[in-house]
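Encoded as structure tokens, the structure appears first; notes follow it.
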Amino acid sequence: MTQVLHETYLDYSDILIRPKMGINLNSRKDVNLQRVFKFKHGQTRTGLGIFNANMATVGNFAISKQLLIKGMFATLHKHYTADEIGQFINSCRQENLQLDNLFITIGLKNIDNEIQKLKDLESKYQWVAPRNICIDAPNFYIQKALDALACVRKEFPDSVIMVGNIASGDICLKLLDYADIIKCGIGSGSACLTRKQTGCGVPMVSLILECADIAHSVNGHICADGGIVDVGDICKALCLNSDFVMAGGIFAGTDEAEGDIIEKHYETSEIQDGKHVIQTKHYKIYYGMSSEYANNKFAGGMDNYKTSEGRELLIPYTGPLDKILQDIRGGIASCCTYIGAVSVKHLSKCATIIQVHNQLNKVFEKYSV
Ligand code: 5GP
């Protein structure tokens, strides 16, 4: 019989972090945003656990480079060739940019080719071991994904391997036999149609709690992927004990995201010199990796047995990425001071989460300039 779980599953908009008196932190400057990650399969990396999504629009060279410069983590999308990545790696080396936190994404379509791509990076560009690998599948529950993971681990025993996506704790232990980081989140992404098209998905807050608990019990790590609307949501994910947070949409309107700025003109109701005043707005295109747009671009069209689980969006242009990265660092540091956490690592130890009905005051939202 179909089982219905009556417990309420919570999302970021259902909770807030309760400020409280704690250890005295006089300034956000005193907060340590770096964390040392000791991974299950032996490697150590240091940084602020924020990733750009491994999507074509934001998992590009320009965004990845900025994240690495700011001490965060980065993923490159799976459609880059070994030579394209190799040239990027070489250009970063010339600038003395640390690449320890760079993840190369591979897909499942032809795992032998993907492994060869990683080996080419090793032999042609001295990308030793291929240090960090992200194995990407919209649905990691399939046997093909599990087999690919085992195979990649066998080929690259010394790499940090991140896999996903999944949306339940039950699969975590199995994945951590080979993987270091599990990417959690199905249906939460801003360019995602999975919940609409399949009815499947799990709200992020409950999912993070469930997966972090299981993964941490065996020294595994998790990455909360999708659904970040504001920097506050990143803070919430970290407080809930997610080790990493991956985001796409919040980076997609920036100069550094793929694609040109699109200009649109709108006629307003305001009249000047007998004519309607024209307002100009700027946008960028953001599309899901399972969208028809992405399938046309990278796979020569949509397979006829599939439905599109991603969409194409025209989202407001937001200017330089640097400002958003500064907001992220500032927001996390400020969150730490509100709850007395001396470092990012301490957020989950210090946080008390409250369930709320009304997260934000939106009364003047439409007047925002
Ligand atoms: P966002 O930060 O925009 O809310 O979510 C980004 C995440 O959405 C990605 O990291 C990925 O997990 C997910 N995603 C990207 N493209 C698609 C898609 O086409 N369909 C679905 N279901 N999820 C997607």
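The values are calculated or read from the model by the stated rules, or taken from the named source; none is laboratory data. Remember, predicted model here, so these are calculated numbers, not experimental data. Counting neighbours? That spans all protein chains shown, and the Cβs are built from the backbone with ideal geometry, glycine included. Remember, those area values only see protein heavy atoms, side chains included, never the ligands or the DNA or RNA. Shrake-Rupley method; radii C 1.70, N 1.55, O 1.52, S 1.80 Å.
Say the cut-off is 20 Å between C-alpha atoms; which of Lys65/Lys109; Lys264/Lys362; Lys236/Lys345 go over it? Distance filter (> 20 Å) returns Lys65/Lys109; Lys264/Lys362.
The value of relative contact order for the chain, using C-alpha pairs under 8 Å at least six residues apart, is 22 percent.
Sparsely packed loop sites in the range 281-312 (the trypsin sites (Lys or Arg not before Pro) outside DSSP H, G, I, E and B with at most 15 other Cβ atoms within 10 Å) comprise Lys306.
With both labels modelled 7 Å from their Cα along Cα-to-Cβ, the His265 to Leu314 distance reads 1.4 nm. Estimated from helices alone, the mean residue ellipticity of the chain at 222 nm is -9000 deg cm²/dmol (sum of -39500 (n - 2.57) over DSSP H runs with n ≥ 4, per residue). Solvent-accessible area per residue in the range 21-101 equals 46 Å², computed with a 1.4 angstrom probe and all protein chains kept. Each other residue within a Cβ distance under 15 Å of Ile186 adds +1 if Lys or Arg and -1 if Asp or Glu, for a net charge of -3.
Of the solvent-accessible surface of the range 133-286, computed with a 1.4 Å probe and all protein chains present, 49% belongs to carbon and sulfur.
For the range 282-369, chymotrypsin sites (Phe, Trp or Tyr not before Pro) are listed when DSSP marks them as loop and at most 12 other Cβ atoms sit within 10 Å of their Cβ; the list is Tyr305, Phe364.
Computed extension length for Cys200-Thr352: 51.8 nm, one decimal, from 0.36 nm per residue of separation with the Cα-Cα distance subtracted. When the surface is traced with a 1.4 Å probe over the full set of protein chains, Arg18 keeps roughly 110 Å² accessible. For Ile166, the shell of other residues with beta-carbons less than 13 Å away shows a net charge of -2, using +1 for Lys and Arg and -1 for Asp and Glu. Distances between placed amide hydrogens fall under 5 Å for Val160 paired with Asn132, Ile133, all partners being 5 or more residues away or on another chain.
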